[in-house]
Protein chains: 6
Amino acid sequence: MRIEDLNWMDVEAYLKQEDRLMLVLGACEQHGYLSLLTDMKIPQALADAASTQTGVLVAPAVNFGVSPYFLTYPGTISLRVSTLVDLVEDLVRSVYGYGFRRLLIMNGHGGNNPARARLVEVANQLPGLQLAWYAWWESHTVEALAQKYQLKPTHASWMEAFAFTRVSELPPGEKPAPSFTGLLNADETRLAYGDGVFGGTYQADEAVMQEMFQACLEDVLYLLRFERPALQPE
Amino acid sequence: MRIEDLNWMDVEAYLKQEDRLMLVLGACEQHGYLSLLTDMKIPQALADAASTQTGVLVAPAVNFGVSPYFLTYPGTISLRVSTLVDLVEDLVRSVYGYGFRRLLIMNGHGGNNPARARLVEVANQLPGLQLAWYAWWESHTVEALAQKYQLKPTHASWMEAFAFTRVSELPPGEKPAPSFTGLLNADETRLAYGDGVFGGTYQADEAVMQEMFQACLEDVLYLLRFERPALQPE
Amino acid sequence: MRIEDLNWMDVEAYLKQEDRLMLVLGACEQHGYLSLLTDMKIPQALADAASTQTGVLVAPAVNFGVSPYFLTYPGTISLRVSTLVDLVEDLVRSVYGYGFRRLLIMNGHGGNNPARARLVEVANQLPGLQLAWYAWWESHTVEALAQKYQLKPTHASWMEAFAFTRVSELPPGEKPAPSFTGLLNADETRLAYGDGVFGGTYQADEAVMQEMFQACLEDVLYLLRFERPALQPE
Amino acid sequence: MRIEDLNWMDVEAYLKQEDRLMLVLGACEQHGYLSLLTDMKIPQALADAASTQTGVLVAPAVNFGVSPYFLTYPGTISLRVSTLVDLVEDLVRSVYGYGFRRLLIMNGHGGNNPARARLVEVANQLPGLQLAWYAWWESHTVEALAQKYQLKPTHASWMEAFAFTRVSELPPGEKPAPSFTGLLNADETRLAYGDGVFGGTYQADEAVMQEMFQACLEDVLYLLRFERPALQPE
Amino acid sequence: MRIEDLNWMDVEAYLKQEDRLMLVLGACEQHGYLSLLTDMKIPQALADAASTQTGVLVAPAVNFGVSPYFLTYPGTISLRVSTLVDLVEDLVRSVYGYGFRRLLIMNGHGGNNPARARLVEVANQLPGLQLAWYAWWESHTVEALAQKYQLKPTHASWMEAFAFTRVSELPPGEKPAPSFTGLLNADETRLAYGDGVFGGTYQADEAVMQEMFQACLEDVLYLLRFERPALQPE
Amino acid sequence: MRIEDLNWMDVEAYLKQEDRLMLVLGACEQHGYLSLLTDMKIPQALADAASTQTGVLVAPAVNFGVSPYFLTYPGTISLRVSTLVDLVEDLVRSVYGYGFRRLLIMNGHGGNNPARARLVEVANQLPGLQLAWYAWWESHTVEALAQKYQLKPTHASWMEAFAFTRVSELPPGEKPAPSFTGLLNADETRLAYGDGVFGGTYQADEAVMQEMFQACLEDVLYLLRFERPALQPE
């Protein structure tokens, strides 16, 4: 259930029973052969699936993230880090204002991590707000699965090549992972990464992808329980 | 054709032939009985239709706008005006960087008008950039059609009640338009507008809606020609 | 009665009887043959006249507005939109701090409209604050008068050519209104508008000007009553 | 000659002969028994007088400054320091854009000193820009005169009590200067300063005031020559 | 060699031979039983050691980082994320201005990671600038060593307990690592972490600490070579 | 006693007895033949000495200040004025949060004065906060001593040439003070000041320096008493 399919009266009714919400943070940036919106599509798909099972509402996605290193790849649209953190603050304050109290941020893009700092700054000011953050690709879940199948999880490789993020044929085989020290600017990044894939196998079996999706979904369902016994003052 | 359906190589290829792009600015705010994303859905639909006819690419939508007056209506998510203008600047600078030169901003929400000022500030710095702005509901086209059918165009009324923005039954009949002087805060706005509709008929014939959509589409197609003979130095 | 003619003790005494204030937002920008401060002078004159009749105090004018499109016309001084909204917030918070509660913003320049968004954001935080906004040239009053005399109201034309905004001879006759689609940058604007007038008759009869001024003054006097019965919770 | 008395064509003509401009920075803050706009009125008067003798143009005044310590004195309107520096940057960039190169900032308020830092930051980016800054009350000129007449120059005392800043009777005699260590907030400031005068004689002879005005005017005329032989690379 | 031990002429002389510089980013935040400046002291010590071997200059440390989650632990001083990124930008632009071209950022605190985004944004604008980033505790080096000695590397545990960061006795033994989902605010963090250590052994053998320091120093020396063959266009 | 030598538990214990703190604001900027960190070293030394006598804690120094005019002197690192004021606000809010109430800002650099405005803005929002500010070189104490020894106190001259700020030989004799009107940008400043000293004697007797240090220390000890009887409401 997405906010876009509701009107405000529906949300008001929802808030009488429930105070949880999922917020999707994406990015519009090069993903090699995959969709430029890959980083939005994956957490959105997970949020939709979790919503189907739990009825927790999903807010409209933030379609852009912080991707300054990819600005030489056409189609990449990067927010300054200052813009992103302001944006995320606005989302949280808006929904807190009329009663949402438990927010699960479904992040799809590593460049958005600075939003975590602003989220804590805001949480220090809003009593009763509980925040959770899910970055699927950094989860133990994905790490374990990658190990199980001996696949290396990297940007724009098999790991992000879901049926719903593919927009063209993927190359067969594997790409050697370039290795760089340094903090690359956009020109250097393109020089270093060529097609934009950070190395490893370009695609995995559909069964692996589905297993991974299901496993991540379990993570999301767990986080949506917002269990924090250790944080209760005795 | 939307950026989300492409990878970066597709956009690079596109830019060899073309330098136009449509950017959709929406809002996530109460629209009475209609979808909270109405202000994104309408310009998005127009942009998609125009893209079908012209092949001009459509960037991912900005799903949020400036709606501080509606923050007492659950589901409304408002960006501060400072956030919106920064966001719009980032979009424009990103796409200008790799070669887009003619941008049509498809705005769906009056609260986003402050972005126009920042756009001009940015345009003063980026040689060769041409900007157009379309706010369908303020167009002469819609004004003429409203007059023709004796319908009053207001927020969340018939005018925005397209098949694709409806998420519930609409009330029959007409709502008297409340009339207020003053700049209302969010509490006052809810007191003043109740169900959130700014008055007038709740719905119009589907034929009228389609006629309006087509007429607006003509506007968009015209703007996409970026004809500006008067601006050529002789 | 202007703040500049008082000391702080006078204002303190005033606040024991009264909580209304008029704030003038102007601009310093090209107005064709008229004064570069036309957009300040007109709302200032209206505010002074309204003050004479009601005793409501007038704050010092903001002499600058958002005019990035006119920066190629010498004498134009433009605030970034971010600066203007911060400035307006500061004015409102300052006067709210020691007791003003009903503020009428007398705006003289369309480019200042983004301040409305910030004003609502601030009003959401300041209990008891009531805001009104008057943009004389967009009023029904001026529309009706323009229709009555078959004059087209445009930037820097007859409509702004009061005795007190004239600084040179005005051309006779009429200027064809250039028509542009697009969001013009400062270079394009000068190319498009030449002398800076947006078309129509350059000047109207003094009697028409006085009639318009009086009619606008009535608007201001009405707004100063801050009547908002519909906003009272029953 | 003030910009408000000109249209843009006049300024364009002026710029063909001249690249100097005076910018007046004021404040709207308590000045004891004197006008709340005292800090604007004094540099404005000096600028006007200097303009009469030299023909150098005067931009519209900034009527507000940074006065957070006086916010408990009604009528004080304080810009945040961040707003002021942005504002001053906007003024300078605007006028630099169409050709002003030598700017004399006529400051009337000590709280505006942070603008100096931003001015240098901006000057580091704008080739050919020359800036001068005049704070009349901190000048050697005023120091010498105060010494000559054995008057102590302090905020809102005789020193600012010109005929054109008086809005009420001034008390006779002298006020003992309160002496405080610390950085006072607005509540503490009012507690400390009572009527708002920082001590010393409330008024001086009109002849002294005129002598001081003339002497300051000489300073302004000197600064307007923008003599900087030592800065010429050999 | 630190900038604090030089005057500007020394730096000017240095720049004739060399364009490398180390910038230390620290934090002032709770580290359990260790110094509140632990996150500055460690990268500073590494930088000093690397400087001794290479002669590369070290800039004064940034003593504060982004630590909003620890603001309930007295002594923690947290910069807003927006402040930190501005600060880091200022450092980089300052030193780039007079000729530094290869900068190694020695970061001591995970909360400072958002600076990476701003660094790339800035690097996109400054031709010839090369940036490297070293976060010692996240290095493969430390990971390998922790594995070798079966120690778990966590905040304020043995890993940061160098002789030079200790300011009190350390507890013996081990702390069970609390495990939390969620993004904790400052109150929750204190509830969750008690003494502030994130779990694991409180201290390791001095020999282990020295081995780790040496290994990290090798990393720094490697990074200071700024080898980036793969980034050379062929 | 510096925060860097404590852990958070120490600070918590301290706060049970005491609510005073010293905050050191420095600068990293050219000081002629002296250390680039002179402006940090002097107030740091005073703070350390005062701490020894009173036990009042000293926070880690801010090593950078606002020095745009010196950016052509290598080694100078300048914060934008906006960055500095944000930074200072963050420091104050952090320590206020867990109980510090009386803060003595030990400023070492005139360019940091804009922080005073932000400090007052913040103090207007934080009940019970008391702020003091010490700029040693502007004190009556230093003025008196300079007069006594007939030395002219200027930037980077004898006045700042303590044993602990010297990093090289100082020239003998005296430098004629260049005299400039205007607000110099970084290029002009270097042209004007050459070696960076603002004129006067390069060095004074060690005995004079120690006398001055002791006298300033007395000032600090006095300020640490935070005596403000006149501010008590009767």
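The values are calculated or read from the model by the stated rules, or taken from the named source; none is laboratory data. Everything numeric in this text was worked out from a predicted model, so none of it was measured. No Cβ is skipped: glycine too gets one built from the backbone with ideal geometry, and neighbour counts run over all protein chains shown.
Of all residues in the range C:145-191, those satisfying the criterion of being within 14 Å of chain B (Cβ to nearest Cβ), touching a residue at least 12 places away in the same chain (Cβ under 8 Å) and under 19 Å from C:Ala27 (Cβ atoms) are C:Leu184, C:Asn185, C:Ala186, C:Thr189, C:Arg190. Counting the residues of the range D:96-115 that are out of contact with any strand residue (DSSP E or B) (no Cβ under 6 Å at 6 or more places or on another chain) and surrounded by 23 or more Cβ atoms within 10 Å (Cβ to Cβ) gives 3. For the range D:86-110, the set of residues classified as of a type in the set (Gly, Ala, Ser), more than 22 Å from D:Trp137 (Cα to Cα) and part of a loop (DSSP other than H, G, I, E, B) consists of D:Gly99 only.
Determine whether E:Ala132 is surrounded by 20 or more Cβ atoms within 10 Å (Cβ to Cβ), among the aliphatic types (A, V, I, L, M) and more than 23 Å from F:Glu29 (Cα to Cα).
On the way: surrounded by 20 or more Cβ atoms within 10 Å (Cβ to Cβ): yes; among the aliphatic types (A, V, I, L, M): yes; more than 23 Å from F:Glu29 (Cα to Cα): yes.
Taking the combined requirement at face value, the residue satisfies it.
If the requirement is being surrounded by fewer than 22 Cβ atoms within 10 Å (Cβ to Cβ), touching a Ser or Thr at 6+ places or on another chain (Cβ under 7 Å), at pLDDT 95 or above and closer than 22 Å to C:Ser168 by Cα, which of these qualifies: D:Glu18, D:Glu4, D:Glu12? When all the criteria are applied, what remains is D:Glu4. Restricting attention to the range F:47-59, the residues that are among the small types (Gly, Ala, Ser), more than 7 Å from chain E (Cβ to nearest Cβ) and in a loop (DSSP other than H, G, I, E, B) total 1.
Residues that are modelled with pLDDT of 95 or more, facing another protein chain (nearest Cβ under 7 Å), out of contact with any Lys or Arg (no Cβ under 9 Å at 6 or more places or on another chain) and not in a helix (DSSP H, G or I): does the range E:77-85 have at least one? So that I can check it myself, show each step before the final result.
Here is the first cut: in the range E:77-85, the ones modelled with pLDDT of 95 or more are E:77-85.
Keeping just the survivors that are facing another protein chain (nearest Cβ under 7 Å) gives E:77-83, E:85.
Of the ones still in play, those that are also out of contact with any Lys or Arg (no Cβ under 9 Å at 6 or more places or on another chain) are E:77, E:79, E:83.
Next, from what is left, pick out any that are not in a helix (DSSP H, G or I): E:77, E:79.
Checked the range E:77-85: at least one residue is modelled with pLDDT of 95 or more, facing another protein chain (nearest Cβ under 7 Å), out of contact with any Lys or Arg (no Cβ under 9 Å at 6 or more places or on another chain) and not in a helix (DSSP H, G or I).
Of the residues screened, B:Glu4 is not one that is under 20 Å from B:Leu129 (Cβ atoms), within 8 Å of chain A (Cβ to nearest Cβ) and not in a strand (DSSP E or B).
Residues in the range A:196-225 that are within 14 Å of chain E (Cβ to nearest Cβ), modelled with pLDDT of 95 or more and not in a helix (DSSP H, G or I): A:Leu224, A:Arg225.
With respect to (1) at the interface with chain C (Cβ under 10 Å from one of its Cβ atoms); (2) among the polar types (S, T, N, Q); (3) within 11 Å of the chain's Cα centre (by Cα); (4) surrounded by fewer than 24 Cβ atoms within 10 Å (Cβ to Cβ), the lone exception for D:Thr72 is condition (3). Selection of the range A:110-144 for residues being more than 8 Å from chain E (Cβ to nearest Cβ) and among the β-branched types (Val, Ile, Thr) yields A:Val122, A:Thr141, A:Val142.
Residues in the range B:26-43: is at least one within 18 Å of B:Ala132 (Cβ to Cβ), modelled with pLDDT of 95 or more and assigned to a helix (DSSP H, G or I)?
yes
Between E:Ala115, E:Ala156, which is at pLDDT below 95 and of a type in the set (Gly, Ala, Ser)? Walk me through how you get there before you give the answer.
Working: E:Ala115 fails: at pLDDT below 95.
Only one candidate passes the filter, namely E:Ala156.
The condition (being farther than 30 Å from A:Thr76 by Cβ, surrounded by 17 or more Cβ atoms within 10 Å (Cβ to Cβ) and of a type in the set (Gly, Ala, Ser)) is satisfied by just one residue among E:Ser179, E:Ser157: E:Ser157.
Looking at the range D:60-73, is at least one residue in contact (Cβ under 8 Å) with a residue 12 or more places away in the chain, among the hydrophobic types (A, V, I, L, M, F, W, C), more than 29 Å from C:Val56 (Cβ to Cβ) and in a loop (DSSP other than H, G, I, E, B)? No - not one qualifying residue is present in the range D:60-73. Considering the range B:55-86 alone, what residues qualify as being in contact with a strand residue (DSSP E or B) (Cβ under 8 Å, 6 or more places away or on another chain) and closer than 18 Å to B:Tyr134 by Cα? Listed by number, the residues that qualify are B:Val56, B:Leu57, B:Val58, B:Ala59, B:Pro60, B:Ala61, B:Val62, B:Asn63, B:Phe64, B:Gly65, B:Val66, B:Leu84. For E:Val120, the criteria (1) assigned to a helix (DSSP H, G or I); (2) buried (at least 20 other Cβ atoms within 10 Å of the Cβ); (3) touching a residue at least 24 places away in the same chain (Cβ under 8 Å) hold in every case but one, which is (3).
Here B:Asn107 clears all of (1) over 14 Å from the mean Cα position of the chain (by Cα); (2) within 25 Å of A:Arg80 (Cα to Cα); (3) away from chain A (no Cβ under 11 Å); (4) polar (S, T, N, Q) except the condition numbered (1). Taken over the range C:86-104, the criterion of being within 12 Å of chain B (Cβ to nearest Cβ) and under 16 Å from the mean Cα position of the chain (by Cα) is satisfied by C:Val88, C:Leu103, C:Leu104.
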